[in-house]
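Read through the structure below, which is laid out as structure tokens, and then see the notes.
The values are calculated or read from the model by the stated rules, or taken from the named source; none is laboratory data. All values derive from a computational prediction rather than experimental measurement. Neighbour counts run over all protein chains shown; Cβ positions are idealised from the backbone, glycine included.
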Amino acid sequence: MSRVFVLDHPLIQHKLTKIRDKNTGTKEFRELVDEVAMLMAFEITRDLPLMDVETETPVTVAKTKELVGKKIGLIPILRAGLGMVEGVRKLIPAAKVGHVGLYRDPKTLKPVEYYIKLPSDISDRELIVIDPMLATGGSANDAIHSLKKRGAKNIKLMCLVAAPEGVDVIKEDHPDVDIYLGAIDDGLDENGYIIPGLGDAGDRLFGTK
Ligand code: URA
């Protein structure tokens, strides 16, 4: 069963409030999303394995800890996922980054991948799928299916804001995927926007409308 973590660190929550504000302009929105992504990455990497090492300090030898060096892959879903990648990479600079772009064919309702480029060794990596908005769950669900089809075994999902509907879809289809969120909102409106949400994350990040 997926575990769902709402990251309630005060800095994340404070910045998320500013991100939601309709008066926050593109520049500030982008900077805040970047900062929240970094703070979320701090929480998401809490369980990275450590090993014991000895380090010579100027005084003596200290018994200390070092990351085992687990391989991580970041998978932003195009386009809004791009807005969170650099924030995460500030904390995990060695992470490889793959990209997934997909849309749903309006006739068949089947997901169509229009772009996918992944690190060659995704089956050895812990993957963090990144999408700011988990609305119906369709894109994240399809992206995770695509990754699993290509051998991914270890996946986490990271979103700024989720609707309960989206969370349920991922829990149902991918019980092995833990979900990390800034907030779970009330639901979806008739156009699939999260309520209260923050509007269209891609448009607000890139200044399109
Ligand atoms: N995608 C967005 O960018 N915003 C929503 O509210 C839902 C999906």
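Within the range 20-33, residues that are closer than 14 Å to LEU205 by Cβ and of a type in the set (Ser, Thr, Tyr) reach partners that are assigned to a loop (DSSP other than H, G, I, E, B) and at pLDDT 95 or above with beta carbons closer than 9 Å, at six or more positions or on different chains, in the pairs THR24/LEU198; THR26/GLY207.
Applying the criterion of being of a type in the set (D, E, K, R), touching a residue at least 24 places away in the same chain (Cβ under 8 Å) and not in a loop (DSSP other than H, G, I, E, B) to the residues of the range 160-209, the residue that is nearest to GLY83 (Cα to Cα) is ARG204.
Beta carbons closer than 6 Å, at least 6 apart along the sequence or on distinct chains, pair a first residue in the range 57-72 that is farther than 17 Å from LYS96 by Cα with a second that is surrounded by 10 or more Cβ atoms within 10 Å (Cβ to Cβ) and of a type in the set (S, T, N, Q) for ALA62/THR55; THR64/THR55. Of all residues in the range 180-193, those being within 9 Å of the ligand (Cβ to nearest atom) and within 14 Å of LEU16 (Cα to Cα) number 1.
The residues on offer are LYS117, LYS156, LYS148, and the sole one that is of a type in the set (Lys, Arg) and in contact (Cβ under 8 Å) with a residue 60 or more places away in the chain is LYS156. Hey, any hits in the range 98-117 for a residue that's under 16 Å from the mean Cα position of the chain (by Cα), of a type in the set (D, E, K, R) and within 16 Å of the ligand (Cβ to nearest atom)? No: the range 98-117 contains no residue that is under 16 Å from the mean Cα position of the chain (by Cα), of a type in the set (D, E, K, R) and within 16 Å of the ligand (Cβ to nearest atom). Of the residues in the range 125-139, none is more than 15 Å from the ligand (Cβ to nearest atom), of a type in the set (Val, Ile, Thr), in contact with a strand residue (DSSP E or B) (Cβ under 8 Å, 6 or more places away or on another chain) and part of a helix (DSSP H, G or I). Residue count for the range 23-81, restricted to those that are surrounded by 10 or more Cβ atoms within 10 Å (Cβ to Cβ), part of a strand (DSSP E or B) and charged (D, E, K, R): 2. Can GLY199 be described as modelled with pLDDT of 95 or more, out of contact with any helix residue (DSSP H, G or I) (no Cβ under 8 Å at 6 or more places or on another chain) and within 10 Å of the ligand (Cβ to nearest atom)? It is true that GLY199 is modelled with pLDDT of 95 or more, out of contact with any helix residue (DSSP H, G or I) (no Cβ under 8 Å at 6 or more places or on another chain) and within 10 Å of the ligand (Cβ to nearest atom).
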